[in-house]
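Below is one structure, written out as structure tokens, with a few remarks after it.
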Amino acid sequence: MKTSIVIILLIVAGFVTYGVFFTQPYTSEIVISKNFGTITTSLGSPFLGSSQAPITIIEFGNYPCIECQTWFQETRPDIIRDYINQGEINMIFIDTQLTKDIPLASFASYCANDQKKYWDYHDALFRNVLENKIDVNHLKQYAVELGLDMKLFEECLDTKKYEKKIKYSIYEAKKNGINRLPTFIIMDSSGKYEKILGAQPYSIFKEKIRSMQD
């Protein structure tokens, strides 16, 4: 296991709303120049949960990834219930890709984030990935269902506004040895971390989280 992991996300333009959310984890709070041990993020993916949580789970994945969808469906709800809703953990999702093609869904999620709907959109994508409903028409349909300003959303999506940001995230993931999706880094502010490969069950995450809390 490497003793250090360095991930630098490109700066995303946008307004930031500060706050601590224990009972409503679906926020659009941006990660603001916060260090997680050796991991540094700057205005990257929004937090899921409270920015003040002592432990962060960083998920490397993408939307066409079936294992990522399995984890989203089978493990993530328990982590939200037992840790994120309690203010003990927050999460960051980092889009990456093991091939040269970037899923259009990744661009769409950050376009939704421009309108403070990142996690709602993120969830809509994973609920529909098994039915292959992540083509451009469906991506726009989810935006309509979430009440987004479609002119802004479509302009962002059609121009691939966040292409450089996502490409840099992919570069950093590969540079740091991420070769399986999903990969999870569980880290506290001191730099102590655990790494989990694949869509592991809740029991594995519970064990790793407990070791971080000891």
Exposure rank, largest accessible area first [Leu98, Leu157; 1.4 Å]: Leu98, Leu157
Per residue of the range 79-85, what does 6.51 cos²θ - 1.76 cosθ + 1.60 with θ = phi - 60° give for ³J(HN,Hα)? Whole Hz please, x for Gly and Pro, Karplus curve as stated. 5, 4, 5, 8, 10, 5, 5
Probe 1.4 Å, all chains present, heavy atoms only: Arg180 accessible area in Å², nearest 10, is 90 Å²
Just for the range 39-160, what percent of DSSP beta bridges are antiparallel, to the closest 5? 10 percent
Ignoring ligands, DNA and RNA, how do Thr96, Thr159 rank by accessible area with a 1.4 Å probe, largest first? Thr159, Thr96
Can you return the aspartates and glutamates within cross-link range of Lys117? Criterion is Cα-Cα under 12 Å, with same-chain partners fewer than 8 residues away left out. Glu29, Glu145, Asp149
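The values are calculated or read from the model by the stated rules, or taken from the named source; none is laboratory data. Note that the structure is a prediction, hence the values are computed from the model and not measured. Note: areas computed on protein heavy atoms with side chains; ligands, DNA, RNA excluded. Shrake-Rupley method; radii C 1.70, N 1.55, O 1.52, S 1.80 Å.
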